[in-house]
1. Checking Ser24 against (1) at pLDDT 85 or above; (2) surrounded by 14 or more Cβ atoms within 10 Å (Cβ to Cβ): exactly one of these is not met. Which one?
2. When you go through Gly118, Gly154, Gly101, Gly138 one by one, which is the residue that is modelled with pLDDT under 85, of a type outside the set (A, V, I, L, M, F, W, C) and under 27 Å from Lys56 (Cβ atoms)?
3. How many residues does segment 128-187 contain that are of a type in the set (S, T, N, Q) and in a helix (DSSP H, G or I)?
4. Name the residues in segment 144-174 that are surrounded by fewer than 19 Cβ atoms within 10 Å (Cβ to Cβ), out of contact with any Lys or Arg (no Cβ under 7 Å at 6 or more places or on another chain), within 22 Å of Ala120 (Cα to Cα) and not small (Gly, Ala, Ser), would you?
Amino acid sequence: MVRKRVVGFFGVIAVAAAMTAACSKTDAGITTAVKSKLSADDTVKASQIDVDTKDKVVTLRGKVDTPIARERAVELAKTTEGVRDVVDVLVVAPAAAPTSGRDEAPRERARDETSAMGDAGITAAVKTKMLADTDVGGLKIDVDTKDGVVSLTGNVASAVEKRRAVEIARETDGVKSVRDQLKIAKK
């Protein structure tokens with residue numbers, strides 16, 4: 001069962017990466033492509049990094065455990081198609097040492113990795129569904145996931161499109177709740 005979940009996760013990432021490669025000319029497409037690359041990389045903990053793109057300039061915020069992870073995150077963002085520049089606001093904050101007599105670090109690491117895989121997989125699945133849905137302008141919607149909570153930001157053309165985008169996110173496996181920050185663009 002774990003093997004199916006891992007294969008499914010990487011399958012979703014591959015589909016999302018393929019779809020975003022074609023859509024990488026928009027800020028939302030670039031953000032999705034960078035998130036996909038970060039989540040597929042073993043050095044970087046994607047769940048701890050927030051990716052935002054404005055005018056093809058990617059901003060990376062959050063924390064990483066090592067300087068190597070920081071360099072790798074910046075490198076992955078810079079080599080993503082469509083990226084004009086990368087603003088690095090990442091903080092290197094090594095994992096805290098256990099304070100009790102028992103070493104709980106392996107259990108914490110496993111939980112972090114599961115959360116990262118889950119959040120990245122959820123983001124990729126929601127974005128893939130939106131890009132495939134003819135009623136939703138998936139390229140204009142930014143999808144972020146943290147601890148199973150999906151945040152949707154960006155502009156949509158109508159209340160119907162907004163409702164459909166939220167519905168797609170809510171119906172995606174693993175989603176605990178949806179924060180709707182979508183705005184209806186005025187014509």
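The values are calculated or read from the model by the stated rules, or taken from the named source; none is laboratory data. Remember, predicted model here, so these are calculated numbers, not experimental data. FYI the Cβ positions are ideal-geometry reconstructions off the backbone, even for glycines, and counts take in every protein chain you see.
1. (1)
2. On the way: Gly118 fails: under 27 Å from Lys56 (Cβ atoms); Gly154 fails: modelled with pLDDT under 85; Gly101 fails: under 27 Å from Lys56 (Cβ atoms).
The match here is Gly138.
3. Start the filter on segment 128-187 by keeping residues that are of a type in the set (S, T, N, Q), which leaves 128, 134, 145, 151, 153, 155, 158, 172, 177, 181.
Add one more test, that the residue is in a helix (DSSP H, G or I), and what stays is 128.
Matching residues across segment 128-187 total 1.
4. So in segment 144-174, the residues surrounded by fewer than 19 Cβ atoms within 10 Å (Cβ to Cβ) come out as 146-149, 151, 153, 155, 157-160, 163-164, 166-167, 170-171, 173-174.
Retained after the next criterion (residues that are out of contact with any Lys or Arg (no Cβ under 7 Å at 6 or more places or on another chain)): 146-147, 153, 157-160, 163-164, 166-167, 170-171, 173-174.
After this cut, where a residue has to be within 22 Å of Ala120 (Cα to Cα) as well, the list is 146-147, 153, 164, 166-167, 170-171, 173-174.
Scanning segment 144-174 gives Lys146, Asp147, Thr153, Arg164, Val166, Glu167, Arg170, Glu171, Asp173.
The rows are residues; the columns are (1) in a strand (DSSP E or B); (2) modelled with pLDDT of 85 or more; (3) surrounded by fewer than 22 Cβ atoms within 10 Å (Cβ to Cβ).
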position	(1), (2), (3)
Val44	no, no, no
Thr53	yes, yes, no
Leu60	yes, yes, no
Arg70	no, yes, yes
Thr80	no, yes, no
Pro94	no, no, yes
Ala97	no, no, yes
